[in-house]
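In what follows, a single structure is set out as structure tokens and then discussed.
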Amino acid sequence: MTLSNREKVLIVISNAISVYSIYAKDPNTLPKNMSMIDFILKATPEDLKKDLSMELIDEVFAFVSQTQSELS
């Protein structure tokens, strides 16, 4: 089974949010003034950027945040 581009983008966004959250715990690991959105954009391969949107990022962020709080 091959992943669709949407599924790949969901994975990239989720992974980027997780990595950013880990890096954000130590401010020296992130470039100064890099937002999560900037980090996600840098982490997304060029061929998938056409499927990326703020609405999708918001949806994934809300899901990841909710899941994290349920696990805590």
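The values are calculated or read from the model by the stated rules, or taken from the named source; none is laboratory data. Bear in mind the structure is a predicted one, so any value in this text is a computation, not a measurement. Counting neighbours? That spans all protein chains shown, and the Cβs are built from the backbone with ideal geometry, glycine included. What goes into the accessible areas is simple: the full protein's heavy atoms, side chains included, and nothing from ligands, DNA or RNA. Shrake-Rupley method; radii C 1.70, N 1.55, O 1.52, S 1.80 Å.
Report, ordered by the first and then the second residue, all pairs with beta carbons closer than 7 Å, sequence separation of six or more or different chains, a first member in segment 32-51 that is farther than 19 Å from LYS8 by Cβ, and a second member that is open to solvent by 70 Å² or more (accessible area, probe 1.4 Å).
Close Cβ pairs satisfying both conditions: none exist.
Quick one: count up the residues across segment 52-65 that are over 14 Å from SER18 (Cβ atoms) and either touching a residue at least 60 places away in the same chain (Cβ under 8 Å) or part of a helix (DSSP H, G or I) (or both).
Total satisfying the criteria: 6.
Tell me, please, whether a residue that is assigned to a helix (DSSP H, G or I), open to solvent by less than 50 Å² (accessible area, probe 1.4 Å) and touching a Leu at 6+ places or on another chain (Cβ under 9 Å) can be found in segment 27-37.
no
Scan (1) touching an Asp or Glu at 6+ places or on another chain (Cβ under 6 Å); (2) surrounded by fewer than 12 Cβ atoms within 10 Å (Cβ to Cβ) for the single condition VAL9 breaks and write down its number.
Failing condition for VAL9: (2).
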